[in-house]
1. Calculate, in nm to one decimal, what residue 55 and residue 84 gain on full extension: separation in residues at 0.36 nm each, minus their alpha carbon distance.
2. Expressed in whole Å with the largest first, what are the equivalent ellipsoid semi-axes of segment 36-109 derived from the C-alpha gyration tensor as the square root of 5 times each eigenvalue?
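Please treat every number below as a calculation from the coordinates, not as lab data. Small disclaimer: the values here were computed from a predicted structure and weren't measured.
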């Protein structure tokens, strides 16, 4: 219930969650683009799909796209039948470094 501009507790709680989420996203973006901790490797759809991801910490690995078109082109050209067959193979750990990984650098302005 809202009374003349005074929000109820549920509204306040939702607002706090939104602000916290936005703050966490901002911090992870800074960590992902400027931090020295994570590895950044060139985007590879198969590698992305087979990698485990952390839900309670910043990622250990970030996949870097040249541009958004690379993502769309990769998905459109993907052989999903093969990708789904590979789903039975063990997943890569979040911090795995594979022989085929290509290091990527960021040009952040």
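1. Extra length available between residue 55 and residue 84 comes to 8.1 nm.
2. 21, 18, 10
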